[in-house]
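K.L.:
Okay, handing you the structure first.
The values are calculated or read from the model by the stated rules, or taken from the named source; none is laboratory data. Model, not experiment: these values are computed from the prediction. Every residue, glycine as well, gets a Cβ built from its backbone with ideal geometry; the counts of neighbours run over all protein chains shown. Only protein heavy atoms, including side chains, enter the accessible area calculation; ligands, DNA and RNA are left aside. Shrake-Rupley method; radii C 1.70, N 1.55, O 1.52, S 1.80 Å.
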Amino acid sequence: MAAIGAASPSSSASSTAAPSTTTQQNPLSKKLHKILESNLDNDKETLEALGVLSGFLDKNTLQARRNLRSDLEKRCLGLNDNFVQCLQTLVQQVQSLQKEASDMKKCCDNMQTRLGAAKTHTSNLLKETSELQSKNRELEMQSLVVSAFLGKFQLMPQESEALCGSYRAQATTIDDRFFAAMERVRGIHQDCKVLLRTSQQRAGLEIMESMAMHLETAYERLYHWCQGQCRTMNAEFPEINSTLRKALKELKERPILFQYCIDEYSIARRMALVRSFIDALTRDRSTGRPIELHSHDPVRYCGYMFGWLHQAIATENDHVASLLSEHDTEQSLPILSMVTEGCCRPLHTRVEQVIVSTRHPVLAYKLVNLLRYYNGVFQGLLKDTAPMVKTLTDLTDLQSKMFFSALNAQTAKILEGIEAPLPDLSPSPKVGEILSLLQSILSSQDLTSLGSGNHEQQLLLILTTCIDPLIQSCNDAVAPLSRLDRAVYLVNSLYLVQSTVSLYEFTDRQVESLEQQMQAHMDTVTSEQSDHLSEVVGFTEFRSSLSHNKLTDESFESLNTTPQLLSPVISAPDQYQLPQCKLLASAHLRNAVQQKAFEHFCQTYESIYAAVTTEKGEEVVKSLFPQPPEQIRKLLLSL
Amino acid sequence: MSGGPYNYSYIFKYIIIGDMGVGKSCLLHQFTEKKFMADCPHTIGVEFGTRIVEVSGQKIKLQIWDTAGQERFRAVTRSYYRGAAGALMVYDITRRSTYNHLSSWLTDARNLTNPNTVIFLIGNKSDLEGQRDVTYQEAKQFADENGLLFMEASAKTGDNVEDVFIETAKKIYQNIQDGNVDLNAADTGVQLKNTTAPADRKQTQQQKQDGCNC
């Protein structure tokens, strides 16, 4: 304000003193200058100030002008006062604000610390929560695993029920659910082995144990069920369904239980079979012809029984196969052998009765064959140790014995009081009788003639049983006869026997032995015949001297008649055949005897001829024997 | 033959009869093995074969007894007529003698089997047309006169073999359905095997009860 007050008088002064250059260095002039030079139009501040200033005074008076400064100062003071007052308030307000701010800060600090504390506190909680959460997830996973594990390693309640049966219905039947459950138990048991390989050994062991227990219960139940089922197999036609088949297949895992069931089955079937057998024997409803009606016909009666059993065994075999669901002969044979056991006694009693009452050897032999055939058949179907096979073997042996004793008796009966030979020396009719008996036996050997070395032996026995006594009685019968008659008769008989026997198989040995015996007798006949020829031509004496090496003149003299005696023999040798030789039954034998006798005669002739030649010289020989030995041989043997 | 070898409802017993060498064993072999057996040895006594067939939806096991044709085996073979549900009587169309013996075989069959036994006459060796000795007409007439089923077949080519066995089974089954065969009686040659034929079982039981009431 002072500047403005000072400037106003100076601006008027400077405008008067402007052109003086000497005032330039004077600060007042400078100030004036500046005022004068200032362009008010452009100075807004000044203008504003002036504007404000103009409102101060109501009247432009001197008073006013003189008091301007103080007025201004007063105004300035007032303004400042006002200002101070305002500031005072402000200060107060600012101070209160500051106080509040500091309060607030305090509060905030407080809050901060508290927050900090809370934060530390919460972070623990958070950690715990996240831990719990992860634990939760883990547990959920575990629970999944466990339920999966249980699903895999434990039975469902319904499975368990199917397996072990509910208490309410103990006798429930076995069905497919049972087998499925059983399969599962076994599967679990198997899977546990995997568990054992891991670290879960205890669980594995425990589950295995529990499954094993389940399995045991299941097997036990299965066993009882099977046993019950098997027990009902005693109907004529057993109903073997697939469940039982399956059950038994399962039960095979427990061989002892399986065997018990099989035994049960065998017993049931054995009963059924015996019943059917007795039925067929005594009261066949369908045909009205029970087998026993045929008991008067031994072969048919026995044949029917065996045939029935044969078919029954085949059917039982089918049943067993369908029970075991496979054709395991190892297993089915003992069963069959047990099933058929029951029929042994009724069969044995009946067949034995037939055997004992069959006295005729031919019939008996037919029975032997029938028995032997079926013994073979049953041996093929059953085990060798089966009671049925044993029964048949026993019966066959018995029948065989009975047959031989019958044959012996029959032979003895036929040969009893064999009569002396007829004058024609033909075989006794008894020989024919024996032979026809033998023929009927041998022609019914059919059934078993195939195979079995036993058979050949038996055949030999049959032949000896018949033929030995026959030959013996023939020998006995001819005792009182002459040697030649005896020989011819025996040759005739033996020839008949031999020609009959040789028609059959396996009789070679017998035929040979007969041939030998016959030959012996033939030799007798031959020597008789050749002796007869020697006698006719008068060789007897010389020959006996020659054989004793005592040739005398008399011996030579005995040959004197030879030439006359020899010529008729040579011209008609048949005339000199002994009558008995003509009685030989076979032309072939007659011829053979003749030839051999001539041969012997020629040999005698040769030896005598040689002896005479040595002793008496060629001359004498030629006179005594006009024909040399070669010629004689030619003449006689060419016949 | 599906369903395994044990699922059958009936067992039918057959017997095959006829002169020696007419091809009985070959027919059986052709039927059971579906093969022709050349140089077939003579049958000794009896032999047997089985096969399961299906008739009217029923599985039936045929148990077939093949007998020796030779006379000397009669003591054995005649025991097998008793339990036969079907008898296949075979002759050889190229050998008249085997045809001529049919009446004696038929007599045996009638005497020894039961009245319901189905008898089927078979002229075997139909493949040997050139050597034919017995005409179809003649045999057909014989069969008709005696109430037999008849067919010519060939064990060698397999012609008609299947039909012969199955036709016989059909006829037997028909007899059962008609109630002519008592399933409870022994030796009818028919056995009911499984429970798979409940209808028949019921019928059977019915028959049984009827029998009791009579």
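K.L.:
To the nearest 500 deg cm²/dmol, what mean residue ellipticity at 222 nm is calculated for chain A from DSSP H runs of n ≥ 4 alone, each contributing -39,500 (n - 2.57), summed and divided by the residues? Spell out each step's value before the answer.
P.N.:
Details: 26 runs with 493 residues, N = 639.
Computed mean residue ellipticity for chain A: -26500 deg cm²/dmol.
K.L.:
Ok, one more. Rounded to the nearest 10 degrees, what's the angle between the helix A:329-339 long axis and the longest principal axis of chain A, both from Cα atoms, 0 to 90?
P.N.:
Approximately 60 degrees, to the nearest ten.
K.L.:
For segment A:561-618 and segment A:341-370, what is the separation of their C-alpha centers, rounded to whole Å?
P.N.:
For segment A:561-618 versus segment A:341-370, the Cα centre distance is 61 Å.
K.L.:
State which stretch of chain A is the longest one without any exposed GluC sites (Glu not before Pro), exposure meaning a DSSP loop state and at most 14 other Cβ atoms within 10 Å.
P.N.:
Details: sites that count: A:E253, A:E326, A:E416, A:E419, A:E505.
Looking at chain A, A:1-252 is the longest stretch - no exposed GluC sites (Glu not before Pro) with at most 14 other Cβ atoms within 10 Å.
K.L.:
In a Debye calculation with equal point scatterers on the alpha-carbon sites of segment B:10-213 and no solvent, what is log10 I(q)/I(0) at q = 0.11, 0.15 Å⁻¹?
P.N.:
The calculated log intensity ratios at q = 0.11, 0.15 Å⁻¹ are -0.49, -0.89.
K.L.:
Something else now. Note down the relative contact order for segment A:232-415 as a percent, whole number, built from C-alpha pairs under 8 angstrom at least six residues apart.
P.N.:
On the way: 181 pairs, mean separation 40.4, N = 184.
Relative contact order of segment A:232-415: 22 percent.
K.L.:
Continuing with the same structure: Straight-line reach from B:K59: which aspartates and glutamates have a Cα under 17 Å away, not including same-chain ones fewer than 8 places off?
P.N.:
Answer for B:K59, where 17 Å is the Cα cut-off: A:E239, A:D318, B:E162, B:D163, B:E167, B:D200, listed by chain and number.
K.L.:
In peptide B:69-77, what is the residue-averaged number of other protein chain Cβ atoms found within 10 Å of each Cβ? The partial results should precede the final answer.
P.N.:
Values: counts 0, 1, 1, 7, 3, 4, 14, 12, 2.
The per-residue average across the peptide is 5.
K.L.:
Moving on. Take chain A, compute every pairwise Cα distance, and split them into 20 Å bins from 0; I just need the percent in each bin.
P.N.:
So the P(r) values, bin by bin, are 12, 18, 14, 12, 10, 8, 6, 5, 5, 5, 4, 3, 0.
K.L.:
Oh, and also: Aspartates and glutamates near A:K401 by alpha-carbon distance under 17 Å, same-chain residues fewer than 8 away left out - which ones?
P.N.:
Filter leaves A:E352, A:E456.
K.L.:
Between beta-carbons, use under 13 Å as the cut-off and find the net charge around A:S545, counting Lys and Arg +1, Asp and Glu -1. Can you show the working numbers first?
P.N.:
On the way: positive: A:R543, A:K550; negative: A:E541, A:D553, A:E554, A:E557, A:E615.
My count for the surroundings of A:S545 gives -3.
K.L.:
Sticking with this one: Let me know the mean shielding of A:308-316 by other chains, meaning the per-residue number of their Cβ atoms within 10 Å of its Cβ. It would help to have the intermediate numbers written out before the result.
P.N.:
Working: counts 6, 1, 7, 13, 2, 0, 6, 7, 0.
Average neighbour count from other chains, rounded to a whole number: 5.
K.L.:
Also: Please express the shape of segment A:501-578 as an equivalent ellipsoid: the semi-axes are the square roots of 5 times the eigenvalues of the C-alpha gyration tensor, given largest first in whole angstrom. Write down the numbers at each step before the final one.
P.N.:
Numbers: eigenvalues 297, 58, 7 Å².
Semi-axes, largest first: 39, 17, 6 Å.
K.L.:
Here is a further query. Under 18 Å from the Cα of A:K34, which lysines turn up, not counting those fewer than eight places away in the same chain?
P.N.:
A:K34 reaches A:K44.
K.L.:
Would you mind checking the tilt of helix A:27-37 against the longest principal axis of the Cα atoms of chain A, expressed as 0 to 90 degrees and rounded to 10?
P.N.:
Around 70 degrees separate the two axes.
K.L.:
Expressed as a whole number of Å, what is the distance separating the alpha-carbon centroids of segment B:141-178 and segment A:114-138?
P.N.:
First find each Cα centre; the distance between them is then 94 Å.
K.L.:
Moving on. Along each of its three principal axes, how wide is the spread of alpha-carbon positions in segment A:232-415, in whole angstrom units, largest first?
P.N.:
Here the spans come out as 70, 34, 19 Å, largest first.
K.L.:
Turning to a different aspect of this structure: Restricting to DSSP loop positions (anything but H, G, I, E, B) with no more than 12 other Cβ atoms inside 10 Å of their own Cβ, which chymotrypsin sites (Phe, Trp or Tyr not before Pro) remain in segment A:298-339? Don't skip to the answer; put the middle values down first.
P.N.:
Working: sites: A:Y301, A:Y304, A:F306, A:W308; in loops: none.
Qualifying residues, ordered by number: none.
K.L.:
Shifting gears a bit: In square angstrom, rounded to the nearest 10, how much accessible surface does A:K152 have for a 1.4 Å probe?
P.N.:
110
K.L.:
Turning to a different aspect of this structure: Any idea how far apart A:E206 and A:K127 come out in nm if each label point goes 7 Å out from Cα toward Cβ?
P.N.:
Label at A:E206, label at A:K127, 3.5 nm between them.
K.L.:
Let me confirm one metric for peptide B:78-85, namely the mean number of other chain beta-carbon atoms within 10 Å of its residues' beta-carbons.
P.N.:
Numbers: counts 5, 15, 6, 3, 10, 9, 1, 0.
For peptide B:78-85, the averaged partner shielding equals 6.
K.L.:
If you don't mind, another one. From the cross-link list B:K35/B:K170; B:K13/B:K35; A:K413/A:K596; A:K249/B:K61; A:K249/B:K24, which pairs have alpha carbons spaced over 28 Å apart? Write out the running numbers ahead of the final one.
P.N.:
Numbers: B:K35/B:K170 23 Å; B:K13/B:K35 22 Å; A:K413/A:K596 39 Å; A:K249/B:K61 23 Å; A:K249/B:K24 38 Å.
Exceeds cut-off: A:K413/A:K596; A:K249/B:K24.
K.L.:
Using alpha carbons only, how many degrees (0 to 90, rounded to 10) separate the axis of helix A:508-536 from the longest principal axis of chain A?
P.N.:
20
K.L.:
Further question on the same structure: Per the Kirkwood definition applied to all pairs of different Cα atoms, how many angstroms is the hydrodynamic radius of segment A:303-350?
P.N.:
Numbers: mean 1/r = 0.0883 Å⁻¹.
For segment A:303-350, inverting the mean 1/r across all distinct Cα pairs yields 11.3 Å.
K.L.:
Return a whole-number percent for the relative contact order of chain A, with Cα pairs under 8 Å and 6 or more residues apart as the contact set. Can you show the working numbers first?
P.N.:
Working: 527 pairs, mean separation 40.7, N = 639.
For chain A, the relative contact order is 6 percent.
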